[in-house]
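Just so you know, all these numbers are worked out from the coordinates, no wet-lab data involved. All of these numbers come straight from a predicted model, not from anything done at the bench. Cβ placement follows ideal geometry from the backbone for every residue including glycine, while neighbour counts extend to all protein chains displayed.
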Amino acid sequence: MAVVRDTSAFFLRGTASQYEHVFNLYQEALKLKAQEKNKKPEELIKLDNWYQNDLPKLIKTRGKDMHLSHEELVQMMKWKLARGKFRPRLLQLVQMNTPRLVKLTTQQALKRIINKKELTPALQSLCTLKGVGPGFASAVLAAGAPELAPFMADECLMAIPEIESIDYTTNEYLKFVDHMKAVAERLNGEVTDEEEKAKKWNPHKVEMAIWAYFILRKSNAELLNDLPDKENLITNGNGTDNGVDEDSNPTQDSSTKDSVDSEVQDESSNPAIAGEESSNPPGGFDETSNPPAVSEENGSTANGSPLSKTGEESSDVPAATAEEAPSAKRQKVEE
């Protein structure tokens, strides 16, 4: 699959100048995605501008009281669903959370990641909210701490050869974060000009550039024609990407690339994150009390209840709340 192969080459070998060039094309990629996904493309563009620009500034203005309101969390879910596969059930579940619970939970999570750099407990705390799994929780963290947390985008996961499947678990997200951090460090190490150093790369900015490259390569590759020094990204004719051979790599075998509406799989269809589509009453905390503290050492809540892969306390969620998902990492993407 050329789109995935070429995006993998960009992820692995893209230079700082190439990443900056693609990052500057993010709005073009967003327009292409909006036109492809929505009857009213201006809605996604407006939501994305709010998520990428307005919301982070708003969180910072709250200082020690940093949090998301119920309205903001619902708005964020609308953004996520507009950019991916639309699943109204997830929106309904997020809306079921009370305003007080949303404020307390997001406040706890943001303080943990921003003040204490505790990524895992922050993620797990957010996953106790109804309709929230690691993928959506990563969007909250990316808005509040882009220097530490990228958004778990399907297109980016697909570009990383070392990630063998899209599982939407905490462990999968932590691996993803490590990859985005490694690229950011590599790119920052290449920058020598003082003016350019001010545009420091962080995991979220790297994720945005990789996402933009994937969308541009898929929907309008001509927009990448002016990519500087692109010879280093050229793959040879037998599918080998300078060490990344799709024919020898079982995670990229074309026989495993199921087609799902020509879209990459959406996290809400994966049973690994049943919390995304569960009502989660036993796992959520009582809105009359503070959110339970999550131990970084044992991954359990303060009351000793074990956390599932989504960070929820163990609960009996009906099997019907989670849809069966393809086991393959990469879905077939129209070239």
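Which pairs in the list K103/K200; K31/K78; K31/K85; K85/K205 are over 26 Å apart, alpha-carbon to alpha-carbon?
Working: K103/K200 31 Å; K31/K78 17 Å; K31/K85 16 Å; K85/K205 23 Å.
Among K103/K200; K31/K78; K31/K85; K85/K205, the Cα-Cα distance tops 26 Å for K103/K200.
What is the Cα coordinate range of the range 37-77 on the first, second and third principal axes, sorted by size from largest, in whole angstrom?
Taking the Cα atoms of the range 37-77, the three principal extents are 40, 18, 10 Å.
Beyond 14 Å, what percent of the Cα pairs of the range 1-78 remain? Kindly include the intermediate steps, with their values, before the conclusion.
Numbers: 2192 of 3003 pairs.
Value for the range 1-78 (Cα pairs over 14 Å): 73 percent.
Rg and Dmax of the range 74-182, Cα atoms, in Å?
13.5, 41
So, by mean Cβ neighbours within 10 angstrom, what's the order for 164-171, 43-50 with the highest one leading? Write down the numbers at each step before the final one.
Working: 164-171: 20.4, 43-50: 17.1.
Per-residue Cβ counts within 10 Å, averaged per peptide and sorted highest first, yield 164-171, 43-50.
Please report, in Å, the Rg and the Dmax of the range 1-137, where both are computed over Cα atoms only.
Using the Cα atoms of the range 1-137, the pair Rg, Dmax is 16.9, 47 Å.
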